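In what follows, a single structure is set out as structure tokens and then discussed.
The values are calculated or read from the model by the stated rules, or taken from the named source; none is laboratory data. Since we're looking at a predicted model, the values are computed, not measured. Counting neighbours? That spans all protein chains shown, and the Cβs are built from the backbone with ideal geometry, glycine included. The protein model used for the area step is the full one, side chains on, heavy atoms only, and it has no ligands, DNA or RNA in it. Shrake-Rupley method; radii C 1.70, N 1.55, O 1.52, S 1.80 Å.
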Amino acid sequence: TKSYFDLRNKQLAEDSERSNLANREVETMCTAFEEHGIVTDLRGKCVVDLASGDQYLKGAITERGGHYHGIDIAQCDLSSEKIPLEDNSADLCISMAFIEHILDPGHFLQECSRILKEGCALWLETPNIHRTNTTFWDDPTHIHPYTPQSLRIVLELHGFEVVTITPNYRCKTKNYYKDDTSNFWKSRIHMRLAGTSRLPV
């Protein structure tokens, strides 16, 4: 598994568009959080990127004044080990395309909850099996697929009180980030997405 991720990170690092993609990713997060009344000014905030890979979000977050902490599998087995941060120390946790790589998300989600400050947020991305279908298994490290419904249930079971799930929109107005099941139907028409779920909590 490590060699697979090492190869993937190397390939991603060679992508000249990564910086632009990172800025679009962070802009999208901030817009989605604004829709739900969460402070979007990253200045001075502790932003923890879990399963951070090549840390491509680091530049976009630090440019906005955030304190970036990237934690990858080489530093911590997020499926079973304690995240090396204090309780209530993070203003934002980001987890992009990781939860589908672990069989049981319980420990990971409990650790996210532990390090987050009261009222702060987890931004989580994972493929929507309704949209990816069998191509989900093209990644040999994928273990656990999710639907929007199953993702909501697993988050609520682990103590996340406000859960919003939307399709993989980028840089839209905040109305696109409402918790509305019709968004998935609309995305098929307007976006023709491969289909990942965005989760501001």
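The fraction of all Cα pairs in the stretch 104-169 landing in successive 10 Å bins from 0 to the largest distance is 17, 50, 28, 5, given as whole percents.
Couplings for the stretch 124-136, taken from phi via the Karplus curve 6.51 cos²θ - 1.76 cosθ + 1.60 with θ = phi - 60°, read 10, 10, 7, x, 8, 4, 4, 9, 7, 6, 6, 5, 3 Hz in order; Gly and Pro are left as x. Calculated on C-alpha atoms, the gyration radius of the stretch 29-77 divided by its Kirkwood radius gives an Rg/Rh of 1.03.
3J(HN,Hα) couplings calculated from phi for the stretch 108-123 with the Karplus curve 6.51 cos²θ - 1.76 cosθ + 1.60 (θ = phi - 60°) are, in sequence order, 4, 5, 5, 5, 4, 4, 5, 7, 6, 5, 4, x, 9, 10, 10, 10 Hz; Gly and Pro show x. Please work out the FRET efficiency for the pair ASP138 and LYS82, using the Cβ-Cβ distance as r and a Förster radius of 45 Å; give the result to the nearest 0.05. Plugging the Cβ-Cβ distance into 1/(1 + (r/R0)^6) gives 0.90.
P(r) tail, the stretch 60-120: Cα-Cα pairs separated by more than 14 Å, 59% of all pairs. Here the Debye sum runs over all C-alpha atoms of the stretch 42-165 as equal scatterers in vacuum, and log10 of I(q)/I(0) at q = 0.13, 0.14, 0.17 Å⁻¹ comes out as -0.52, -0.61, -0.90.
When both the stretch 142-177 and the stretch 33-77 are represented by their alpha-carbon centers, they are found 18 Å apart.
Our estimate of slack between SER89 and ASP41, defined as 0.36 nm per intervening residue step minus the Cα-Cα distance, is 15.6 nm. Rg of the Cα atoms in the stretch 87-126, relative to 2.2 N^0.38 Å, amounts to 1.13. Would you mind telling me the share, in percent, of accessible area of the stretch 38-128 contributed by carbon and sulfur at probe 1.4 angstrom? Ligands and nucleic acids excluded, carbon and sulfur give 47 percent.
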